[in-house]
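**Q** Right, I'll just put the structure down here and ask away after.
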Amino acid sequence: MKSTTITREDRTPRKVPPPASSTGEVQGFEHVQRTPIALDAGSALSSVESLQQLMADTITLRDLYKKHHWQAAGPTFYMFHLLFDKHASEQSTLVDLLAERVQTLGGVSIAMAADVAEVTLIPRAPSGREDTAAQLERLLHAHEVILLESRAMARAASEAGDVGTDDIIVSNVIRIGELQTWFLAQHVPGRVIEIDAERGA
């Protein structure tokens, strides 16, 4: 992409950042403040660290859905254009829930795209359009990353006594993620596998 040629009235290039605040950051990203929610600081810090990772990956999944929503094409355009947008909206709701939980625990939620890109475990998608099959596989992989980490994080939060974080992850992130994965998998041959109940395989 080309760099901007827009300048301010004083001819200063726009990419020059505004002057730093005289007070600096009031709370560092890696710090957790004590809040009176009857949860020890160690458990709160551990949950904040987990939630930051989950937030980064959920934001990335949301943006991946938006990318595919905008770039949908072909005979199934209308169907996937709407489906991807619906899923993106649901992921946006999850992002807010996770951010509010981080703040409730005394942390500072991850927010900027550059920070998210550094933290997320979901591979970066190409800038250009992929075909529908590749879009679906990329989304399914992202969901699997989030579901795997969500189950581990929920167990850890429960064991640490942080039932609030456990509840948000299980009741919202996992359930919505599983439902969205189910919807996507119906469109990918071989993704839905019949299991022999007696043999377990």
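The values are calculated or read from the model by the stated rules, or taken from the named source; none is laboratory data. This one's a predicted model, so the numbers in the text were calculated from it and none came from an experiment. A quick note on method: Cβ atoms are made from the backbone with ideal geometry, for glycine too, and the neighbour counts reach across all protein chains shown.
**Q** Take the residues in segment 59-83 that are touching a residue at least 24 places away in the same chain (Cβ under 8 Å) and more than 15 Å from the chain's Cα centre (by Cα); name whichever of them is surrounded by the most Cβ atoms within 10 Å (Cβ to Cβ).
**A** So the residue we want is His68.
**Q** Which of the residues spanning segment 23-48 are surrounded by 11 or more Cβ atoms within 10 Å (Cβ to Cβ), outside any helix (DSSP H, G or I) and of a type in the set (Val, Ile, Thr)?
**A** Within segment 23-48, Val32, Thr35, Ile37 meet the criteria.
**Q** For segment 91-121, what are the residues that are touching a residue at least 24 places away in the same chain (Cβ under 8 Å), part of a loop (DSSP other than H, G, I, E, B) and either small (Gly, Ala, Ser) or under 18 Å from Trp70 (Cβ atoms) (or both)?
**A** Gly106, Gly107, Ser109
**Q** Please enumerate the residues belonging to segment 151-178 that are in contact (Cβ under 8 Å) with a residue 40 or more places away in the chain and among the charged types (D, E, K, R).
**A** Asp162
**Q** Just a yes or no: is a residue in segment 133-148 among the small types (Gly, Ala, Ser) and at positive phi?
**A** no
**Q** Could you please let me know if Gln180 is touching an Asp or Glu at 6+ places or on another chain (Cβ under 9 Å), closer than 14 Å to Leu61 by Cβ, at pLDDT 95 or above and assigned to a helix (DSSP H, G or I)?
**A** Yes: the conditions hold for Gln180.
**Q** Does Val188 qualify as being at pLDDT below 95 and surrounded by 12 or more Cβ atoms within 10 Å (Cβ to Cβ)?
**A** The answer is yes for Val188.
**Q** Consider Met112 carefully, then state whether it is under 16 Å from the mean Cα position of the chain (by Cα) and either of a type in the set (Lys, Arg) or modelled with pLDDT under 95 (or both).
**A** Yes: the conditions hold for Met112.
**Q** Moving to a separate point now. Can you find a residue that is in contact with a His (Cβ under 7 Å, 6 or more places away or on another chain) and surrounded by 14 or more Cβ atoms within 10 Å (Cβ to Cβ) anywhere in segment 160-178?
**A** Scanning segment 160-178, I find at least one residue that is in contact with a His (Cβ under 7 Å, 6 or more places away or on another chain) and surrounded by 14 or more Cβ atoms within 10 Å (Cβ to Cβ), so the answer is yes.
**Q** Just to verify a result, which residue in segment 133-159, among those that are acidic (Asp, Glu) and either surrounded by 14 or more Cβ atoms within 10 Å (Cβ to Cβ) or under 14 Å from the mean Cα position of the chain (by Cα) (or both), is nearest to Leu54 (Cα to Cα)?
**A** Glu149
**Q** Hey, any hits in segment 102-120 for a residue that's out of contact with any Ser or Thr (no Cβ under 7 Å at 6 or more places or on another chain), surrounded by 14 or more Cβ atoms within 10 Å (Cβ to Cβ) and over 24 Å from Glu30 (Cα atoms)?
**A** Checked against the condition, which is being out of contact with any Ser or Thr (no Cβ under 7 Å at 6 or more places or on another chain), surrounded by 14 or more Cβ atoms within 10 Å (Cβ to Cβ) and over 24 Å from Glu30 (Cα atoms), segment 102-120 yields no hits at all.
**Q** Answer yes if at least one residue in segment 73-94 is among the acidic types (Asp, Glu) and closer than 18 Å to His143 by Cα, and no otherwise.
**A** yes
**Q** So the check is Cβ under 9 Å with 6+ separation or different chains; which pairs have a first residue in segment 22-40 that's without any contact (Cβ under 8 Å) to a residue 12 or more places away in the chain and a second one that's not in a loop (DSSP other than H, G, I, E, B)?
**A** As it stands, the answer is Glu30/Glu49, since those pairs meet every condition given.
**Q** If you don't mind, another one. Can you tell which of Leu139, Leu147 is farther than 26 Å from Ala73 by Cα and assigned to a helix (DSSP H, G or I)?
**A** Within the list Leu139, Leu147, the selection yields Leu147.
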